[in-house]
Amino acid sequence: MAEEPAPLPARHRPAAVALSALLAALACGWGFHHWLESPAHEDAVAQPIEAAPAPQRNADFGAVVARADVHRVADWVVTSADHGTQPFAIVDKMQAKVYVFGPAGRLIGASPVLLGLAHGDDSEPGIGDKPIAAVRPEERTTPAGRFVAEPGENLGGEHVIWVDYDAAVSMHSVRANVKSERRLERLESPDPAQHRISYGCINLPAAFFASVAWPTLGQSGGVIYVLPETRALVDVFPALRDTEVATTAGVGAAQAPDFLRVAPR
């Protein structure tokens, strides 16, 4: 009868147990790392999370009321950053008003203006090269569109903000040199029709030009948007066709200062 192997002496048993435990740990460790390094199952791949759309920004008119088209253009300018980081102004020929905004889209001031005698949204070709005396009444239009404002001086050395240099159209302080034109009285009239008298330039009250327009647009330039009166708004500003913005129209003007108050549509 074969003899059974003799049991290990008691002093060797802990070493055998320790060796078995080490081998088991190594096996478990390999399995754990193999599990970590193995590719995840297709069903467990995390789906990318879509970023929330950025909150829409609109122009801040404060308490001033303006026509819906003015709000539409102002909100589009701010939302699209069409003006870059510059201040901008919107001229509403329908109501003979100007609205001047800071780079962030906050209204700095609004004022009545005088505009070209003739209705129309385009300048006569070559009008900038004509002497004033040669400009016919039907050619005295204020063009509509987007213009990069440039500070400058007229022939008399006065500050002007060039809207369209080639067409000799600028924004400047009103001049009452010809008494029969009654330009100062026209600025005070609530009737937009009375504000049509210039040769195409945009005339502002002297105080408004000196305190708002020139410091904002005349120091380093800006963008001026002149709204049309005979053409469709989207024809002059095509980007509006593909842009939907929630306008700020409808803001009340109960507490607006008189020089900022704008008549509702």
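For the stretch 213-223, a tally of residues being small (Gly, Ala, Ser), part of a helix (DSSP H, G or I) and modelled with pLDDT of 95 or more returns 1.
Among the criteria (1) modelled with pLDDT of 95 or more; (2) closer than 26 Å to ALA239 by Cα, the one GLU124 does not fulfil is (1).
Just a yes or no: is a residue in the stretch 124-137 of a type in the set (Lys, Arg), surrounded by fewer than 17 Cβ atoms within 10 Å (Cβ to Cβ) and assigned to a loop (DSSP other than H, G, I, E, B)?
Going through the stretch 124-137, the residues of a type in the set (Lys, Arg) turn out to be 130, 136.
Then keep just the ones that are surrounded by fewer than 17 Cβ atoms within 10 Å (Cβ to Cβ); that gives 130, 136.
So of that shortlist, the ones also assigned to a loop (DSSP other than H, G, I, E, B) come out as 130, 136.
Checked against the condition, which is being of a type in the set (Lys, Arg), surrounded by fewer than 17 Cβ atoms within 10 Å (Cβ to Cβ) and assigned to a loop (DSSP other than H, G, I, E, B), the stretch 124-137 yields at least one hit.
Taking the numbered list (1) crowded, with 18+ Cβ neighbours inside 10 Å; (2) modelled with pLDDT of 90 or more in turn, ALA206 passes all entries but (1). For the stretch 85-108, state whether one or more residues are farther than 27 Å from ARG241 by Cβ, hydrophobic (A, V, I, L, M, F, W, C) and in contact with a Phe, Trp or Tyr (Cβ under 7 Å, 6 or more places away or on another chain). Checked the stretch 85-108: at least one residue is farther than 27 Å from ARG241 by Cβ, hydrophobic (A, V, I, L, M, F, W, C) and in contact with a Phe, Trp or Tyr (Cβ under 7 Å, 6 or more places away or on another chain). Within the stretch 56-80, the set of residues being under 17 Å from PRO112 (Cα atoms) and either touching a Gly at 6+ places or on another chain (Cβ under 8 Å) or among the aromatic types (Phe, Trp, Tyr) (or both) comprises PHE61, ALA63, VAL65.
Of the residues that sit in the stretch 78-92 and are out of contact with any strand residue (DSSP E or B) (no Cβ under 6 Å at 6 or more places or on another chain) and touching a residue at least 24 places away in the same chain (Cβ under 8 Å), which one is surrounded by the fewest Cβ atoms within 10 Å (Cβ to Cβ)? Lay out the reasoning, then the answer.
Pass one, the stretch 78-92, residues out of contact with any strand residue (DSSP E or B) (no Cβ under 6 Å at 6 or more places or on another chain): 78-82, 84-85.
Pick out the ones that are also touching a residue at least 24 places away in the same chain (Cβ under 8 Å) and you get 78-80, 82, 84.
Numbers: VAL78: 23, THR79: 18, SER80: 13, ASP82: 16, GLY84: 9.
This residue is GLY84.
Among the conditions (1) closer than 20 Å to ASP69 by Cα; (2) among the charged types (D, E, K, R); (3) in contact with a Leu (Cβ under 7 Å, 6 or more places away or on another chain), the only one that ASP122 does not satisfy is (3). When each of VAL245, VAL226, VAL251 is tested for being surrounded by 13 or more Cβ atoms within 10 Å (Cβ to Cβ), touching a Lys or Arg at 6+ places or on another chain (Cβ under 8 Å) and modelled with pLDDT under 90, the lone residue that passes is VAL245. Candidates are the residues of the stretch 93-117 that are small (Gly, Ala, Ser) and in contact with a helix residue (DSSP H, G or I) (Cβ under 6 Å, 6 or more places away or on another chain); the one that is surrounded by the fewest Cβ atoms within 10 Å (Cβ to Cβ) is GLY109.
The values are calculated or read from the model by the stated rules, or taken from the named source; none is laboratory data. Because the structure is predicted, anything quoted here is derived from the model rather than measured. Here Cβ is always computed from backbone atoms with ideal geometry, including for glycine, and neighbour counts include all displayed protein chains.
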